[in-house]
1. Please identify which residues in the stretch 176-215 have an amide N closer than 12 Å to a label point set 7 Å out from the Cα of VAL119, following the Cα→Cβ vector.
2. With every protein chain in place, what's the accessible area of VAL47 (1.4 Å probe, Å², nearest 10)?
3. Check which residues have an amide H placed less than 5 Å from LEU155's amide H, if you skip close sequence neighbours.
4. Dividing the convex hull volume of the alpha carbon atoms of the stretch 51-106 by its residue count, what do you get in Å³ per residue?
5. Let me check I have the definition right: for the stretch 130-207, take the eigenvalues of the Cα gyration tensor, multiply each by 5, take square roots. What are those semi-axes in whole Å, largest first?
6. Find how many whole Å separate the alpha carbon centroid of the stretch 69-96 from the alpha carbon centroid of the stretch 158-209.
7. Considering the values [x] 19.2, 74; [y] 18.8, 59; [z] 17.0, 54, which represents Rg and Dmax of the Cα atoms in Å as calculated for the structure under consideration?
8. Between LYS160 and GLU142, 0.36 nm times their residue separation minus their Cα-Cα distance comes to what?
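The values are calculated or read from the model by the stated rules, or taken from the named source; none is laboratory data. Everything numeric here is computed off the predicted structure, so don't read it as measured data. Here the Cβ positions follow ideal geometry from the backbone for every residue, glycine too, while neighbour counts run over all protein chains shown. In case anyone asks, the SASA skips ligands and DNA or RNA and just uses the protein heavy atoms, side chains included. Shrake-Rupley method; radii C 1.70, N 1.55, O 1.52, S 1.80 Å.
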Amino acid sequence: MDELYDFLHRLSENNNREWFAANRAEYDRLRAQWIVDVQKLINELAVYEPSLRHVEAKQCLYRIYRDTRFSLDKTPFKTYFSALISPMGRHYDKACYYFHVGVDETALYGGLWSPEPAVLKKLRRAIVDNIEEFRPLVENKEVLEAYPTWWGRKLKTAPKGYDRDHPDIDLLRLTEYGRCHELQPSFFHRSDWHAEAARIFALLKPMNDFLNYSIDE
């Protein structure tokens, strides 16, 4: 991981195709090791999340190439490695897990991002109807220690159909149900980091299960 950080820092300072081509062999070696590490993480997480037992790391990885078609930033490469871990790999529109290692941020994410309006409406109703179940899932001591706050977009006022004084307005204003656990590079110096990352991820399994059950219900 130290070598990966070093490569990503140099890439951020030389974010062009010529530099990348000259350092392609190093990138290929680091990506091969990234695949190994993500697979180890998936295998550890599958202890808590049996639906991941068949998942291969290559299904979960994102490309390093940026889509610059609609962006003012035309740099061609991402300065991070990332993987979305779900039963369907990176192609998934339900609550899942996301692993991000980059120059500006390294973190474990869990939850649901950018749900369709109809799905979000359904989730809000499910949370209100089952608030006695949902709050303990997201506000127990272990979860709050690892994931202190919600991560993602939220409304400035109450969503349509709910009063701004609703007792659960803090949850109803959310438009994404995501949590983030930030990591320091030193986290990867521990020999059991794959197992520890899986343990931290698994704290969000009850929340993910609630969200996905509510989506499918």
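1. 176-177, 211-215
2. It works out to around 110 Å².
3. Distant-sequence amide H within range of LEU155: LEU174, THR175.
4. On the way: hull volume 5.6 nm³, N = 56.
Per residue, the Cα convex hull of the stretch 51-106 comes to 100 Å³.
5. Taking √(5λ) for each eigenvalue gives 31, 14, 8 Å, largest first.
6. For the stretch 158-209 versus the stretch 69-96, the Cα centre distance is 18 Å.
7. [y]
8. 3.2 nm
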